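The values are calculated or read from the model by the stated rules, or taken from the named source; none is laboratory data. Being a predicted model, the structure only gives us computed values, none of them experimental. Note that we place each Cβ from the backbone using ideal geometry, even for glycine, and neighbour counts take in every protein chain shown. Just the protein is used for accessible areas: all its heavy atoms, side chains included, with ligands, DNA and RNA removed. Shrake-Rupley method; radii C 1.70, N 1.55, O 1.52, S 1.80 Å.
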Amino acid sequence: MSQKNELKEVAKLFFKLGCIAFGGPAAHVGMMEDEVVTKRKWMTQQHFLDLVGATNLIPGPNSTELTMHCGHERAGWKGLFVAGSCFIFPAVVITMVLAWLYGKYGQLPNVEPFIYGIKPAVIAIIAMAAFRLGKKAVKTTELVILGIIALAACLLGVNEIAALFGTGLIGLGLYFAKKSLGGAKSFVPFLFFSIDGIAKLGSLKIFLTFLKVGAILYGSGYVLFAFLDAELVANGWLTRQVLIDAVAVGQITPGPVLSTATFIGWQMNGAMGALLATVGIFLPSFLFVLVLNPLIPKMRKSKIFGALLDAVNVAAVALIIAVCIEMGKDTLTDWRTIVIAIAGLIVVFVFKKLNSAFIVLGGALLGYLLTFI
């Protein structure tokens with residue numbers, strides 16, 4: 001297949017996922033694993049798992065960075081940019097429409113009836129991803145124990161980044177203990193820079209503020225909330241209520257939760273502010289993945305980095321399971337959502353080749369119909 005056709009294939013797939021990928025990073029990983037490993041066989045399960053682990057080692061939105069890795073695997077560096085852009089685009093457009101409505105009417109439209117059935121259906125997709133990736137990640141008894149420790153830590157409220165890196169370091173420690181070596185040194189590069197020198201809050205400051213956040217952000221949308229609260233609310237550039245509404249928009253729209261930046265940028269400086277905030281928060285991820293992707297096969301071949309990847313991979317699966325459990329506690333609140341979740345689990349485990357888009361759409365339809373009972 002020519003690169004032009006490969007790029008078209010990448011664009012179509014990730015635009016579709018960008019339109020239906022509700023449920024946060026864990027759900028996005030599940031949908032991508034289904035599409036690029038099970039259906040299209042662009043890569044092996046092990047390599048996909050390594051990509052998942054690698055995205056946890058760098059700042060930025062993990063699932064969006066995973067789309068970039070997948071695009072790179074299929075169509076080179078051009079595929080990286082096409083995949084990331086197409087995945088982000090639907091969320092940005094929907095968010096800009098909501099931002100305009102919010103600016104005009106002062107409140108968000110009620111979309112809850114439309115997503116009532118999507119959340120429990122997404123739980124089934126996450127469960128299937130955890131099952132498939134877990135089978136590949138759990139290679140030894142030590143990794144089983146590490147996975148259980150990481151899962152327990154996540155469920156007890158330990159920061160997910162601390163759990164991932166902690167598990168990785170324990171995995172390295174076990175490797176060196178087996179090899180009877182003295183110790184190991186490792187580091188994770190962080191990019192920090194200040195924008196305090198810019199006096200006036202304008203387009204450039206919006207761009208640099210979100211560029212800074214995108215360059216140092218680890219963790220979920222709730223971590224993003226803390227970063228933006230410190231950067232924007234504390235400086236008096238945004239009210240906390242608008243920030244809360246912005247995060248809500250990121251949660252209810254498909255695709256990456258970082259589309260929150262689009263909403264905030266619009267409130268601060270209209271369409272130009274939305275565009276610059278979006279580019280600023282996502283740009284570091286494109287650059288990080290561009291540098292990291294060629295290194296992953298070399299990391300896997302290295303016994304030291306291989307041990308680190310194995311430990312981080314099993315921790316990533318544990319995190320997916322933890323998200324599934326927590327999401328279940330929040331979502332499965334009545335018999336209707338329980339019915340939708342059970343139906344979703346039956347479908348994903350029995351009809352394994354069924355496209356995840358139908359799971360999402362089926363959940364939405366079933367949820368809508370059950371609200372009348």
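For the reader, a short list of remarks on this structure follows.
- Label sites at VAL242 and ALA152, each approximated as a point 7 angstrom past Cα along Cα to Cβ, lie 4.6 nm apart.
- Value of Rg to Rh for segment 1-109 (Rh from inverse mean 1/r over Cα pairs, i.e. Kirkwood): 1.04
- Principal semi-axes in Å for segment 281-361 [√(5λ), Cα gyration tensor, largest first]: 34, 16, 15
- Per residue of the chain, the DSSP helices (runs of n ≥ 4 H) give a summed -39500 (n - 2.57) that works out to -24500 deg cm²/dmol at 222 nm.
- With a threshold of 30 Å on the Cα-Cα distance, the over-threshold entries among LYS4/LYS212; LYS78/LYS301; LYS136/LYS178 are LYS4/LYS212.
- Counting all C-alpha pairs of the chain, share separated by more than 36 Å (%): 21
- Taking every alpha-carbon pair within segment 228-327, the share separated by more than 17 Å comes to 67 percent.
- Of all stretches in the chain that contain no trypsin sites (Lys or Arg not before Pro) in a DSSP loop with at most 13 other Cβ atoms within 10 Å, the longest one is 201-351.
- Residue with peak Gaussian network fluctuation, the chain [Cα springs, cutoff 10 Å], from LEU101, LEU49, LEU292: LEU101
- The Cα-based radius of gyration and maximum Cα-Cα distance (Dmax) for segment 38-81 are 10.2, 29 Å.
- Rg over Rh [alpha-carbon atoms, Kirkwood Rh] for segment 42-177: 1.05
- For the options THR44, THR55, THR253, a Gaussian network treatment of the chain with springs between C-alpha atoms closer than 10 Å singles out THR44 as fluctuating the most.
- Among the chymotrypsin sites (Phe, Trp or Tyr not before Pro) in segment 14-44, none sits in a DSSP loop with a Cβ that has at most 11 other Cβ atoms within 10 Å.
- Two tests apply to each whole DSSP H helix in the chain, Cα reach of 27 Å or more along its axis and mean Kyte-Doolittle hydropathy of at least 0.5, and the ones passing both are 62-105, 118-137, 160-179, 260-292, 303-331.
- Candidates ILE123, ILE325, ILE20, ranked by Gaussian network fluctuation over the chain, Cα under 10 Å, top entry: ILE325
- Surface composition of segment 316-365: carbon plus sulfur atoms hold 76% of the accessible area, using a 1.4 angstrom probe and ignoring ligands, DNA and RNA.
- Qualifying aspartates and glutamates (Cα of each under 20 Å from Cα of LYS329; at least 8 residues distant if same chain): GLU112, GLU160
- The equivalent ellipsoid of segment 251-294 has semi-axes of 23, 13, 5 Å, largest first, where each one is the square root of 5 times an eigenvalue of the Cα gyration tensor.
- Averaged per residue, segment 225-281 has 34 square angstrom of accessible surface, using a 1.4 angstrom probe with ligands and nucleic acids left out.
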